[in-house]
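Here the structure comes first, spelled out in structure tokens, and everything after it is commentary.
The values are calculated or read from the model by the stated rules, or taken from the named source; none is laboratory data. These figures come from a predicted structure and were not determined experimentally. Neighbour counts run over all protein chains shown; Cβ positions are idealised from the backbone, glycine included. We work out accessible area using only protein heavy atoms, side chains counted, and drop any ligands, DNA or RNA first. Shrake-Rupley method; radii C 1.70, N 1.55, O 1.52, S 1.80 Å.
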Amino acid sequence: MNPSHSPRAGAGFTAPAKKQLGQHFLADAHYVEKIVLAVNPRPGDRLVEIGPGQGAITFPLLRRHPQLTVIEFDRDLISPLTAAAAPLGELTIVHRDVLQVDFTELAGGSPIRLVGNLPYNISSPILFHALEHAAAISDMTFMLQKEVVDRMAAGPGSKVYGRLSVMLQAWCQVTSLFVVPPGAFRPPPKVDSAVVRLVPRDPATVGIADPQHFAHLVKAAFGQRRKTLRNALNGIVDEAGFAATGVRSDARAEQLEVADFIALANATATTA
Ligand code: SAM
């Protein structure tokens, strides 16, 4: 379909896009519908959208689900969002930087479902922030740059397998869903986008003894990805640690399974 002839998404208002806030508004109803179908809101779900913008996803969600919380940093969007949502349902707007929002507190004991066409300039920090609150999140349906989604879902041996892949896959099931071309947005970004689903694993089954140590080890391993693990993890894992886990010290980080990183971290964690 020629994107310029695609139906416009049902935004209730328009506002000039702010580049510094990563504003690329979804303007193609076909992709809005695909995202809403991917979210598939069910009665009782507690939906939280990050970055509602002009409401391209917000209003279709609100038409299917009577209550929605959104987190938006741009103060110019708050009152138009409030006005356009009023006839549709109950929209709660959290006017804050999403990186300052405590998702665990927001959930208040009843897990939330996160949705969002994320501001691409801070998409990785948002993912790491969400990981810190994984126990309060039942799932996440996010749109990001396709290149980032490829890294999130990559496996060992792939050129794009790295820290992001291991950190996310250790804590979540990661599924790449579909690609969205630049022409679906106003203004169009320079690159393809993709929608991904993340489902946090039960923390009890993840089996990471010390999450901070695990994060430190994964960062060090990929910080020097061309080096052998013996060198990249010098000072973190000694030969006894490699021997205890069966991971070869002459391997490189990109060859290891997520479970190998967990084993290495657990064998060397002081709290293990
Ligand atoms: N959901 C809308 C859509 O699909 O058209 C807008 C998506 S746009 C890519 C990203 C949105 O995130 C914008 O509305 C932007 O203002 C908002 N945003 C950017 N930085 C933010 C932050 N730190 N906290 C919360 N929202 C932010």
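Data overview
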quantity: Under-5 Å amide H pairs with Phe178, H placed in peptide plane, nonlocal only; calculated: Val195
quantity: Cβ-Cβ FRET estimate between Ala29 and Asp192, R0 fixed at 25 Å, reported to 0.05; calculated: 0.85
quantity: Total formal charge among the other residues, if their Cβ is under 12 angstrom from that of Glu33, Lys/Arg +1 and Asp/Glu -1; calculated: +2
quantity: Three-way shape call for region 211-271 based on the alpha-carbon gyration tensor, with the a/c threshold at 1.5; calculated: rounded
quantity: Local net charge near Met167, Cβ-Cβ under 13 Å (Lys/Arg +1, Asp/Glu -1); calculated: +3
quantity: Inter-label distance, nm, simple model (7 Å from Cα along the C-beta direction), Thr104/Glu147; calculated: 3.4 nm
quantity: Calculated from backbone phi, Karplus (6.51, -1.76, 1.60) coupling profile of region 205-219 in Hz, x at Gly/Pro; calculated: 8, 5, x, 8, 5, 9, x, 5, 5, 4, 4, 5, 5, 5, 4
quantity: Total charge dipole magnitude, the chain, about the Cα centre, Cβ charges on Lys, Arg, Asp, Glu only, Debye to nearest 20; calculated: 680 debye
quantity: Computed Rg/Rh of the chain, alpha carbon atoms with Kirkwood Rh; calculated: 1.02
quantity: Computed over region 151-272, the ratio Rg/Rh where both radii use C-alpha atoms and Rh is Kirkwood; calculated: 1.06
quantity: Pairwise centroid distance, computed over Cα atoms, of region 156-200 with region 38-110, Å; calculated: 22 Å
quantity: For the chain: accessible area per residue (Å², 1.4 Å); calculated: 47 Å²
quantity: Karplus-derived HN-Hα couplings along region 152-164 (A = 6.51, B = -1.76, C = 1.60, θ = phi - 60°), whole Hz, x at Gly and Pro; calculated: 4, 9, 5, x, x, x, 6, 4, 9, 6, x, 4, 4
quantity: Relative frequency of Cα-Cα separations exceeding 16 Å in region 22-130, percent; calculated: 56 percent
quantity: Angle between the chain longest axis and helix 123-132 axis [Cα atoms, degrees, rounded to 10]; calculated: 70 degrees
quantity: Sum of -39500 (n - 2.57) over DSSP H runs of 4+, divided by residues of the chain (222 nm, nearest 500); calculated: -9500 deg cm²/dmol
quantity: In region 13-56, the trypsin sites (Lys or Arg not before Pro) that fall in loop regions by DSSP, at most 14 other Cβ within 10 Å; calculated: Lys18
quantity: Apportionment of accessible area to carbon and sulfur, the chain, percent (1.4 Å); calculated: 52 percent
